Amino acid sequence: MELSTRKALFLCKKLHRIVSVDVELIMKKTLKDLKNIWRWDLQMEISRRRFLGGSLALGGAVAIGTTGPTLKGLGFIEGANAAPANEQEKITYNCCNPECNNCSLQVHTRNGKLVRISPNPNYYTRPCLRGRSRLQWNYHPDRLKYPFKRVGERGEGKWERISWEEALDTIATNLAKIRDEHGPEKVFFTAGAVMSVMPNSMQRLFANAFTKGETTNTVGSLCCASQAEASNASQGYRTAGIEEKAHSKLIIVWGHNPAVTYIPHWGIVAEAKERGAKLITIDPRFNETAAKSDKWMSIKPGTDTAMAMAMIRYIIEEDLYDEKFALERSNLPFLVNEATGKLVRHSEIVADGNPDAFVVWDKAVNGPAHAEEAISPVLEGSFTANGMSVRTVFARLRERVSEFTSEYASEITGVPAKEITDLARLYANTKPAMLDSGMSGAQRTNNGVNFIQSLLNLAALTGNIGVLGGGVNDTGGFAHGTNAGVPMPYEAKVKGQIPTTKLGEYFLEGKPYPLKAVYWQGKGLGQVPNANKVLEGMKKMDFVVVQEHFFGDAASVADIVLPVATLFERYDVMCASRSFYYHLMDKAVEPFMEAKSDTWIYAELAKRLGFGEVFDKTEEEFIDGILKPTGLTSASLRESGPVWIWSDPKYNKYGVKRDKKPFHFFQDTPFNTPSGRFEFHTVRWENRGFEPMVHFDAPVESKETEPELYAKYPLSLVATKIRTKVHSTYAVMPWLSEIYPKGWVTINEEDAKARGIKDGQQVEVFNDRGSVKVSAHVTAGIRESVVSMPNGWWVQQGACSSVLSNDYTFEQSWGHCLNNTLVQVKGV
Amino acid sequence: MSKRLALLIDQDRCIGCWTCAVVCKMENNVGLGNHWNRILSNGTGEYGETPKIGLDGKPELVFQPTTCMHCENAPCVKACPTGATYKRKDGITAQNYSICIGCRACMAACPYNARVFNWGTAQQVPSFEDDHVGDARVPSRPKGVVEKCTFCQEKTDAGEKPACVTSCPAHARVFGDINDPSSEISGLMSESSHHSLLEDLGTKPSVFYTAPRRKLKVSYNQDGGGYLGE
């Protein structure tokens, strides 16, 4: 059937150009291509025409000749003669749960069908275009409707529809066999970045009961392992200042793109700007946030720590630091044993001293003293204490950063020296000033941990911590600040771990031991770096189950594929994950076709495997259990709507009760570090054997560290986020695919000219790990020698940047280092 | 005095996220391949969003959500042979789908390219047999008629705001009666300078834009004590 075909020309004199929007083949192409790629061989071929004609039962509750008022939607009428919307609609509330802003959704259904998603009028954000496209997700023509079993070779794309009975029996039998023959840890469970509690908890619960706690776990994450590690080490937990931005006078966005990734919170940034806040964006690319900023500073990927250290140096040398904060709330005055490089403990200077307490030099007694008892601690100096040569952390920090003059940092980063100095001075002289990292792309590098540490150090040094509108903004929400969760029946006895970025390598090489089965839930395989390797690794498994909504990347290599319910079709709870609220995610409609909730699937498998009693609860009962420490229930949340975690001491881990405004981290909550202070020299890393203070390591896979590789692949690839996806979620929604139908690579004008590449031309981006063909976007709005690709297309969709990405990781955080990738680009 | 409904878009707040455009499609059941509201930008390239160098020598990107302008002096109304497109008393340029013959003269007349045509029966995902997505009050349009933004007339008639206005995450859109001096939009328009598109054509649009904040090219404070734009 024909879709409307249009080429629209927009003449806008004001913008001095003609914009051509080619909307024609977009939808036809996208959906048809997806079908071709997946090549499923169904017993019941569902054509789009029939689906769109509505002759199939949808949602299980559609009746032909519905009772209830006739909806005037189909005729063409003049005037508004229809009944008002709310008479025909049932409203429920839900929460958009990918790794984004977790907005409250007002869900409208008519006669059992989802028809609209609108903002919750009692909530502070408005859901973005992605959350709205969930209507299309629920009834997508390519949504999985039944369980499928692979026929033919893995990856061949031949499937046979099976019953749930057969699917569940097959899974249970195979998992049990593998566990009994090879050991429970040989079944590897993994799930995607779902921020609500139920889906992943149910998998964890099943895995725990099935293996009796002897699991293989992942370590690290694709998003923020380095951010988390640095935050935990320096201040005790991650913090989120999204709502605070309205109070900031200066927001430095570093390697982050909130105009794309935090769309629903942009009103808050806009408010800050209208109050006079300055917005500065530091990024190798002139991104969408830079387009709204007062200044864009272009920086070489992987070198950000060097610039931050130069800022630290400037602030120290120019005496722009907050001495009060330094002395009273940080460990800058603590003494370090120069011989060992470790913090001096109280037990080392006093016979019955506390081994967990630290030491400062007290001017009042001209000697060492307990850090929390000293009368007049000294910030800087070298001393001898009990025969040890000691120096304060501050003095050591000054020395550490002394090499990083603005000129030196400029050589490393490509940022002009004067701009670095100017920024340091501006930041130090503006309060409150926020460093907006937001799980920065700059921490997705081998130096990512220390980069975040350097930001935290800057904030602490200038007294911007514990100030409303200051701090380092990580991500929204504070899930780790709640006590909500599902208790596990068995104690965890992790047998082996796999770094999240190394799935491909570990699967293929049988590390830490050869796995036999993978239970893959909802995760975008195309998001894992070196994605082709992951696909190969999966093919080696004896048994693969994928629980999903579509025939995505992982499903393509599965043995059994299970259709799972969407968040409108089951019950769930959001516990402050990317916001400071508890939300009940209320079921609105029955599951589509034969889709089932994750809970039901695991419960059925549990029954077959002999531990059905673990799942002997309804979803709402599970949710009541999850919320138990708070005193909230699913019923009470349904009644009240989203609940702020700071509104009652029971709702958060720190027992804080606060009126709505203002809430401050580190005023209302403590530093959760071993010293109880902000740590510039972190005890955590000292204990773990890592360098405790900030430092710069040159980027791996770069000209400096791998010149031979660089000779072949001289362009740095950075991945970017895109308005129409959250990671790989929403990648097939028609309303979104119409906007950006296909992927691209952004390349600097000079680099393009040198390669004879013109704007819009098809090019190949490649390195030793893989290759992608996309169109080129040529611009001066990206650094020379850097290219960027939007991330999130599935491997089958052909523009998957992860097939090129470096899967390097490192023990300190097991962070994702995709922004340490070299590629070459050539015209095709 | 009669109402004159108008829309004010703050281009400083607008981040070109396309939420207004997608919500419009949802609420008004606009078929695949058509947009009543689309985001233009001053960039280059296949999506018009590749940053180009601005007049100050630095990259720039400005977003312009563009829809029917509900012109006071509407060329489409003049061009329509059947009277299917007409001006309402409140300023909305409205469409009567039952007498539209699909000649598309209005599309040729509109200098903003605001209108789209149903070449076939509009396809939508999801599509229901006896219902459609979005606001139930919005009628479905058959094959062969022209359609465009209606300022969500079904909503505005009931005292609600258009979907694009209530959905903008940046709160960049304001809607109301500019003949009422006490309305929010009148207040904002009196405080800021704003413009319409293609003003010299004499169409008298009802959609206004406040331009993005100008960046200072010269720092007035040269003593190095601070840093003021550039």
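The values are calculated or read from the model by the stated rules, or taken from the named source; none is laboratory data. None of these values were measured; they are calculated from a predicted model. Backbone-built Cβ (ideal geometry, glycine too); neighbour counts: all protein chains shown. Quick note on the areas: whole protein, heavy atoms, side chains included, nothing else; ligands and nucleic acids left out. Shrake-Rupley method; radii C 1.70, N 1.55, O 1.52, S 1.80 Å.
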Largest-first ordering by accessible area, 1.4 Å probe, given options B:HIS171, B:HIS194, A:HIS583: B:HIS171, B:HIS194, A:HIS583
Suppose every Lys and Arg Cβ carries +1 and every Asp and Glu Cβ carries -1, with no other charges. What dipole size does the range A:600-669 come out with about its Cα centre, to the nearest 20 debye? 360 debye
Per residue, how much accessible surface does the protein assembly as shown expose to a 1.4 Å probe? Answer in Å², no decimals. 35 Å²
Take every Cα pair under 8 Å in the range A:321-385 that's 6+ residues apart, average their separations, divide by the length, and report that relative contact order as a whole percent. 26 percent
List the pair-distance distribution P(r) of the range A:701-785, using every Cα-Cα distance, as the percent of pairs falling in each 10 Å bin from 0 up to the bin containing the longest distance, rounded to whole percents. 15, 41, 33, 10, 1
Output the Cα-based Rg and Dmax of the range A:115-250 in Å, rounding Rg to one decimal and Dmax to a whole number. 21.3, 62
If every alpha-carbon in chain B counts as one equal scatterer, what log10 I(q)/I(0) does Debye give at q = 0.13, 0.16 1/Å? -0.82, -1.20
Mean separation of Cα contacts under 8 Å (at least 6 apart) over the residue count of the range B:1-53, i.e. the relative contact order in percent, is 22 percent
Mean separation of Cα contacts under 8 Å, 6 or more apart, over the residue count of chain A: relative contact order %: 18 percent
Considering chain B, which cysteines have no disulfide-compatible partner, defined as another cysteine with its Cβ under 4.7 Å away? B:CYS14, B:CYS17, B:CYS24, B:CYS71, B:CYS80, B:CYS100, B:CYS103, B:CYS110, B:CYS152, B:CYS168
Electrostatic dipole magnitude of the protein assembly as shown [Cβ: Lys, Arg +1; Asp, Glu -1; Cα centre; debye, to 20]: 2940 debye
Before rounding to the nearest 500, sum -39500 (n - 2.57) across all DSSP H runs of length at least 4 in chain B and divide by the residue total; then give [θ] at 222 nm in deg cm²/dmol. -3500 deg cm²/dmol
Hey, what do the phi angles of the range A:645-654 turn into as Karplus ³J(HN,Hα) couplings, whole Hz, using 6.51/-1.76/1.60 and θ = phi - 60°, x for Gly and Pro? 6, 9, 7, 8, x, 6, 7, 9, 5, 9
Listed residues A:VAL378, A:LEU397, A:TRP814: farthest to the positive end of the dipole of chain A (Cβ charges): A:TRP814
Debye, to nearest 20: dipole size of the range A:242-385, +1 on Lys, Arg Cβ, -1 on Asp, Glu Cβ: 720 debye
Starting from the coordinates of the alpha-carbon atoms of the range A:394-501, obtain the Kirkwood hydrodynamic radius over all distinct pairs and give the value in Å to one decimal. 17.1 Å
Please report the carbon-and-sulfur percent of the accessible area for chain A; probe 1.4 Å, protein heavy atoms only, DNA, RNA and ligands left out. 48 percent
Out of all DSSP beta bridges in the protein assembly as shown, what portion is antiparallel? Express it as a percent rounded to 5. 60 percent
Return the value, in Å² to the nearest 100, of accessible area buried between chains A and B (probe 1.4 Å, both sides summed). 8100 Å²
Short version: what are the Cα gyration tensor semi-axes of the range A:481-560, square root of 5 times each eigenvalue, largest first, in whole Å? 23, 17, 13
With θ set to phi - 60°, apply the Karplus curve 6.51 cos²θ - 1.76 cosθ + 1.60 along the range A:663-668 and write out the HN-Hα couplings as whole Hz, x wherever there is a Gly or Pro. 10, 10, 5, 6, 10, 8
Note to self, chain A gives a 222 nm [θ] from helices alone (DSSP H runs n ≥ 4, -39500 (n - 2.57) apiece, / all residues, nearest 500) of -7500 deg cm²/dmol
Shape box of chain A [Cα atoms, principal axes, largest first, Å]: 89, 66, 59
Could you tell me what % of all Cα pairs in the range A:198-308 have separations over 16 Å? 71 percent
Quick one: give the max-minus-min coordinate of the C-alpha atoms of the range A:303-356 along each principal axis, largest first, in Å. 43, 26, 16
Rounded to one decimal in Å, the inverse mean reciprocal Cα-Cα distance for the range A:275-366, i.e. its Kirkwood radius, is 17.2 Å
Helices from chain A with mean Kyte-Doolittle at least -1.0 and a Cα length along the axis of 24 Å or more, per DSSP H: which? A:164-182
In units of 2.2 N^0.38 Å, the Cα radius of gyration of the range A:603-685 is 1.62
